[in-house]
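The structure appears below as C-alpha cells.
The values are calculated or read from the model by the stated rules, or taken from the named source; none is laboratory data. All values reported here derive from a predicted model rather than from experimental measurement. Please note: Cβ atoms are built from the backbone with ideal geometry, for glycine as well, and neighbour counts cover all protein chains shown.
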C-alpha cells in the first residue's frame, strides 16, 4: 500500500505546523468528538462510549492522524500501512460507510480551527484538509475492498445470530456459542479474526464491541468469549460485557459483523509460539483448532499468563485440542499459583529461558505492554521482527507500531485485555 503524495504547497505547510498540531492533537480531538456526536447522535451507535468516557478514542484518533501526516512528509518515519489496514478492518466490522468520512472531516477540521485559533490560516486549513482526505480516501478504498472480499453490502453490515449455548468458563468469563439466524452459512473465519457484536442495551442505546472468534470447531457456529470488565479507579463496570454476562440468554438474537482482522496465523511449516495474557487466550484456541485440522504435525508452544489458575479461561479446551497435535507444549505463569502447583510458573511471563524452536513464528495477544515485552524478549533472542505478529484491540491499535529491535521494556503486570468495556 503506497502512501499518496501531498501537494508541494501542502507539504511545506504540514512540515511547518505538524509539531503544533501534534502538541494539541488530543485537545483537538477532545473538542471534535463532543461536537460531532452532538450534531450526529446516530453515530453513538457505532462509537464505543466506554472509550469516549476515558478519552482513549480521542488519543487514538489524534495519534493516527498525526502519524499519517508525519509519514507523508518524512520518508524515514515508521511505516503506517499496517495501522491503516487494521483501522480499515475495524471500520468494516463496525459497518462504517464512506459518507461518514465527510461528517468526521467537517467536525475534525472545525475542531482544529477552534483549538488553534488564528494560527489556522486558510493555507493551514487547506493543507490539513488535504491530509485528512488522503487518509480518508485510502481507508475508504481499503474498506471497499474488504467489504467486496467478504461479500458484504456496506448498507447491511451485520447479520442476526442466535445464542445457542452459554458456557461459564470462569467466574468472570463466559463463552457464547452463536449460529446464523438468517439461514445462511457461517462466513469464512480465519484463525485470529474477530467480530463486532452489537448490543441493544436496556436503556435503549446500542453499542458495538469487538471479540475474537474463540472457536469455530463445529463449522456451523462461532463462539465468542467475554471477560466481565470491572471498572477501576472510579470508572464504571463495562456495560456491554455486563449485558452479555447477565442478560443475554439462550435463544436471544445478537447482530454480528463479518469476521475482520489481518493478524491471522497462516499455514506454514515453521513452529509456532502462541503467547497470550488475560483475555488474549481467546486467540489461541482458534489457532490451535486450525492447526489440528490442517497441520497436526506442526510444532506449537502455548505460553499463557494470568492472575490465578481460576482466571485462566479456555485452559481445558486449549489442552484438549493441543493433545491432537504431534508436538505440543503448554506453559503457564500465574501471579498467584495454587499452593503446591509444580507445573506452572510464578509471576509474570518470562520467555528469556524458554526453549525456542529454530525458525519459530511468534503470535501474541494481550495487553499492549505485555505484547511489547514478549516482542522485545524474542527479538533479543534472535527471532526476526518479521516473524513476530501481534493483535491489538480497542483504540490503542495505533500503538502497535514496531519498537526498536531490542528496546528495553520494563516488566508489566498481567491484566486482562480491555475489550468489551
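So the values come out like this:
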quantity: Residue check, residue 302 in contact with a strand residue (DSSP E or B) (Cβ under 8 Å, 6 or more places away or on another chain), touching a residue at least 40 places away in the same chain (Cβ under 8 Å) and surrounded by 21 or more Cβ atoms within 10 Å (Cβ to Cβ); calculated: no
quantity: Lone qualifier among 399, 359, 413 - being at pLDDT below 50 and out of contact with any helix residue (DSSP H, G or I) (no Cβ under 7 Å at 6 or more places or on another chain); calculated: 413
quantity: Selected residue (criterion: farthest from the chain's Cα centre (by Cα)) from residues of segment 352-374 that are assigned to a helix (DSSP H, G or I) and farther than 20 Å from residue 299 by Cα; calculated: 373
quantity: Conditions (1) within 29 Å of residue 42 (Cβ to Cβ); (2) crowded, with 21+ Cβ neighbours inside 10 Å; (3) modelled with pLDDT under 95: number failed by residue 226; calculated: (3)
quantity: Some residue of segment 137-152 being out of contact with any strand residue (DSSP E or B) (no Cβ under 8 Å at 6 or more places or on another chain), closer than 22 Å to residue 8 by Cα, in a helix (DSSP H, G or I) and assigned by TED's automatic domain parsing to the domain that holds residue 26; calculated: yes
quantity: Qualifying positions in segment 66-100 - assigned to a loop (DSSP other than H, G, I, E, B), in contact (Cβ under 8 Å) with a residue 60 or more places away in the chain and surrounded by fewer than 18 Cβ atoms within 10 Å (Cβ to Cβ); calculated: 78, 79
quantity: Failed item in (1) under 22 Å from the mean Cα position of the chain (by Cα); (2) exposed (fewer than 15 other Cβ atoms within 10 Å of the Cβ); (3) closer than 21 Å to residue 41 by Cβ, with residue 144 passing the rest; calculated: (3)
quantity: Residue match in segment 316-335 (condition: within 21 Å of residue 211 (Cα to Cα) and free of Cβ contacts under 8 Å to residues at least 12 places away in the same chain); calculated: yes
quantity: Strands (runs of 3 or more DSSP E) fully within segment 245-308 counting 2 or more residues that are within 30 Å of residue 95 (Cα to Cα), at pLDDT 95 or above and out of contact with any helix residue (DSSP H, G or I) (no Cβ under 7 Å at 6 or more places or on another chain); calculated: 253-257
quantity: Flag if residue 181 is exposed (fewer than 14 other Cβ atoms within 10 Å of the Cβ), touching a strand residue (DSSP E or B) at 6+ places or on another chain (Cβ under 9 Å) and not assigned by TED's automatic domain parsing to the domain that holds residue 308; calculated: no
quantity: Residue tally, condition more than 23 Å from the chain's Cα centre (by Cα) and touching a residue at least 12 places away in the same chain (Cβ under 8 Å), over segment 103-141; calculated: 24
